[in-house]
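Here is the structure we will look at, set down as structure tokens.
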Amino acid sequence: MHPFTSLKDANVGGTREVLRLAARHRTVPVHYLSTTGVFAGKQAKGKPLATDAPTGPAEALPSGYLRSKWVAEQVIGIARDRGLPVSVHRVDVISGDQVNGACQTRDFVWLSLRGLLRAGAVPAGLVAEVPLTPVDYVSAAVVTLSRQSDTAGRTFHLYHQSHLTFADFIGELRLAGHRLEDVDWESWRSLIRSDTDNAMLPLPEAFEMMARDNAAFYPPVDTSVAERALAGTGVVCPPMTVDLFRRYVDFFVGAGFLPAAQEANDTGQREEPQPRFR
């Protein structure tokens, strides 16, 4: 949510310095983790975005973070033109690992779910899809691609083609015993804005953009280049399942990031139901 000016030094300047270091004495391959958010979502028009599809322009990207990643990719383009082998790995929503569900907590999706649980309410009609991509798949793919001699200097999309929706998330949380009432959008906005401790307070506009124009917020992405390069290596993106989402919830509850259902009930969200996630 920070502006470009706050992120430029780290995301653009930091990338530039890594490239300078790689080129200083010998040509060292660089692997850069970028984001599929460098594409202006409207340009997809239902067609999966290929690795060589035009990105940006910066002014069409909705946040300072995405603009900083886009500018960093332009710097990488200059380095490539000068002969430095820089591979770009574009990802999107990196979720927890498949075994323990361990996951970082500063992502838009998880902060949104935390905010919804605190509010005890969901805007009616929330069905947007989310491309959660397990971190252990992403890391295994990057390491495997980095060890292949014919992949240096290429671009790959590591993006999950199997999506769950916010409706799936909400349904599972309700089954776990959380009370989440369907309310109209204006009532939901009022609930969020009235609680200064709600994790979602900085996010309502982005959340509404995601909900109302899901295809632009998470446009379809072509992952065929990465899939061909990884064929036969044993590194395969696993299907996204409700069971895996439950594992993430277990982790978040254990870490204290999300409330257990009974804790939510004790604050007046709901009576009786027993927790499902253990």
Let me spell it out: the conditions are (1) under 16 Å from T51 (Cβ atoms); (2) touching a His at 6+ places or on another chain (Cβ under 6 Å), and T151 meets all of them except one. Which number is the exception? (2)
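Of everything in the stretch 190-237, what is among the aromatic types (F, W, Y) and either modelled with pLDDT of 95 or more or not in a loop (DSSP other than H, G, I, E, B) (or both)? Give them in sequence order.
Selection gives F207, F217.
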Residues of the stretch 14-45 satisfying the condition of being within 30 Å of A199 (Cα to Cα), surrounded by 15 or more Cβ atoms within 10 Å (Cβ to Cβ) and free of Cβ contacts under 8 Å to residues at least 60 places away in the same chain: Y32, S34, T35, G37, V38, A40
Identify, please: which residue in the stretch 182-206 is closer than 14 Å to A124 by Cβ and either touching a Lys or Arg at 6+ places or on another chain (Cβ under 9 Å) or of a type in the set (A, V, I, L, M, F, W, C) (or both) and is, among those, surrounded by the fewest Cβ atoms within 10 Å (Cβ to Cβ)? W185
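Name every residue in the stretch 169-180 that is closer than 15 Å to L126 by Cβ, assigned to a helix (DSSP H, G or I) and over 17 Å from the mean Cα position of the chain (by Cα), in order of residue number. Before you say what the answer is, go through the steps one by one.
Going residue by residue through the stretch 169-180, those that are closer than 15 Å to L126 by Cβ are 169-174, 178, 180.
With assigned to a helix (DSSP H, G or I) added as a condition, the list becomes 169-174.
Within the stretch 169-180, I170, G171, E172, L173, R174 meet the criteria.
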Could you tell me whether the stretch 77-87 includes any residue that is part of a helix (DSSP H, G or I), over 25 Å from N214 (Cβ atoms) and touching a Leu at 6+ places or on another chain (Cβ under 7 Å)? yes
Across the stretch 44-76, the tally of residues that are among the small types (G, A, S), over 17 Å from the mean Cα position of the chain (by Cα) and not in a strand (DSSP E or B) stands at 7
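The values are calculated or read from the model by the stated rules, or taken from the named source; none is laboratory data. The structure presented is a predicted model; accordingly, all values stated were derived computationally and were not measured. All Cβ positions, glycine included, derive from the backbone under ideal geometry; neighbour counts span all protein chains shown.
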